[in-house]
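What follows draws every value from the coordinates through simple rules; no lab data is involved. From a predicted model like this one, the values you see are computed outputs, not experimental measurements. Here the Cβ is made from the backbone with ideal geometry for all residues, glycine too, and neighbour counts use every protein chain on show.
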Amino acid sequence: MAKNLRAVGLDFLDTAPSRTVAQLRIGHPVAEVFAALADHPEDWGSWYPGFGQGGHYVPPTPPGLGATRAMKVGGLLTTETIIAWDAPTRWAFYISRATMPGIRAFAEDYQLASDGAETVLTWTLAVDLAPAGKPLGPVLGKFGPALSRRAFANLDRHLGAAKSS
């Protein structure tokens, strides 16, 4: 059953009890990468493993700071609240409602920097685990960066395919 997770701000990305940071390169300009992350939740399922198609902003209005979006992750519905929208260099959210046993708070931050025609993406995952969720800490720390590398390699190909069609 879905439950509310604790609302957090940008400071949580630096102070969370469990944090994972990865830096990745994507061979496309910052504006294209930002648009794929922030403007097009419906496409996440085509490049991010475990995400379903059909993500959307609720209500379907122009997205931005404070907006919420519904996403399916691993078959579970999550509601995310946008806490940073600095197009095209930063986008962050926290999960406000989900079925995530053992997790009290969860946020992600995507900071993008231009390096010529490429984007350097710094991704941060911040989590506060309940006592029952403590065994998830090492799993998130190990598999979070590996999954994000795979996802963003997929995004790189996805953006390339979109350009060529």
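What is the local net charge at residue 77, summed over the other residues whose Cβ is closer than 15 Å to its Cβ (Lys, Arg +1; Asp, Glu -1)?
Residues close to residue 77 contribute a combined charge of +2.
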Task: Between segment 67-129 and segment 11-35, the alpha-carbon center distance in angstrom - done: 9 Å
Task: Angle in degrees between helix 136-164 and the longest Cα principal axis of the chain, rounded to the nearest 10 - done: 20 degrees
Open item on the list: Can you sort 14, 128 from fewest to most other Cβ atoms within 10 Å of each residue's own Cβ?
Closed with: 14, 128
Task: Residues 34, 93, sorted so that the one with the fewest Cβ neighbours within 10 Å comes first - done: 34, 93
Task: Distance-filtered residues of segment 57-71 - backbone nitrogen under 19 Å, label point 7 angstrom along residue 2 Cα→Cβ - done: 57-61, 63-64, 66-71
TODO: With unit charges on the beta carbon (Lys/Arg positive, Asp/Glu negative), name the residue among 53, 114, 100 whose Cα is farthest towards the positive pole of the charge dipole of the chain.
DONE: 100
Task: Identified option (computed Cα extents along the principal axes in Å; candidates (1) 47, 33, 27; (2) 68, 38, 26; (3) 58, 23, 21) - done: (1)
